[in-house]
1. Restricting the search to the range 99-116, which residues are more than 18 Å from VAL84 (Cα to Cα) and at pLDDT 85 or above?
2. Pick from the range 1-38 the residues that are among the hydrophobic types (A, V, I, L, M, F, W, C), over 12 Å from ARG49 (Cβ atoms) and modelled with pLDDT under 80: which of them is farthest from the chain's Cα centre (by Cα)?
3. When the residues of the range 52-98 are narrowed to those that are at pLDDT 80 or above and among the hydroxyl-bearing types (Ser, Thr, Tyr), which ends up surrounded by the most Cβ atoms within 10 Å (Cβ to Cβ)?
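The values are calculated or read from the model by the stated rules, or taken from the named source; none is laboratory data. Predicted model, so just to flag it, every value in this text is computed and none were measured. Neighbour counts are summed over all protein chains in view; Cβ atoms, including those assigned to glycine, are modelled from backbone coordinates with ideal geometry.
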Amino acid sequence: MRFGKKAKLSPRYVSPYKILKRVGKVAYELELPTELAAVNPVFHISLLRKCVGDPATIVPLESVVVKDSLTYEEVPIEILDRQVGRLRNREITSVKVLWRSQSIERATWEAEAPMKAKYPHLFPFDSISA
């Protein structure tokens, strides 16, 4: 039985459940919720994984919204640094961008002109000097 999604998009493991008892040498009976009443509660040990962490921090599958295109837009938070590179007779300005879901170590260098066109609110210092 698939849990929510079909084929390869179905979750590999479903929420942590309490073990009620050991059945034989290699099987365990789990305490399943009522919505999984159609599923046999006895599982082979190879199908189980140890739950490491706090069960309260697990995000329920119902609250995760995935678009049909399976994409999302990354949003920049701030500009961390600026540098000017030289190519023969022209200069290219790059900015180091901190993205919303990334840490500072994963910030990327982007060309300044397209970033300024798409996200002008990140460049308040240019309006003062102009």
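1. TRP99
2. Among residues in the range 1-38 that are among the hydrophobic types (A, V, I, L, M, F, W, C), over 12 Å from ARG49 (Cβ atoms) and modelled with pLDDT under 80, the one farthest from the chain's Cα centre (by Cα) is MET1.
3. Applying the filter and picking the extreme gives SER94.
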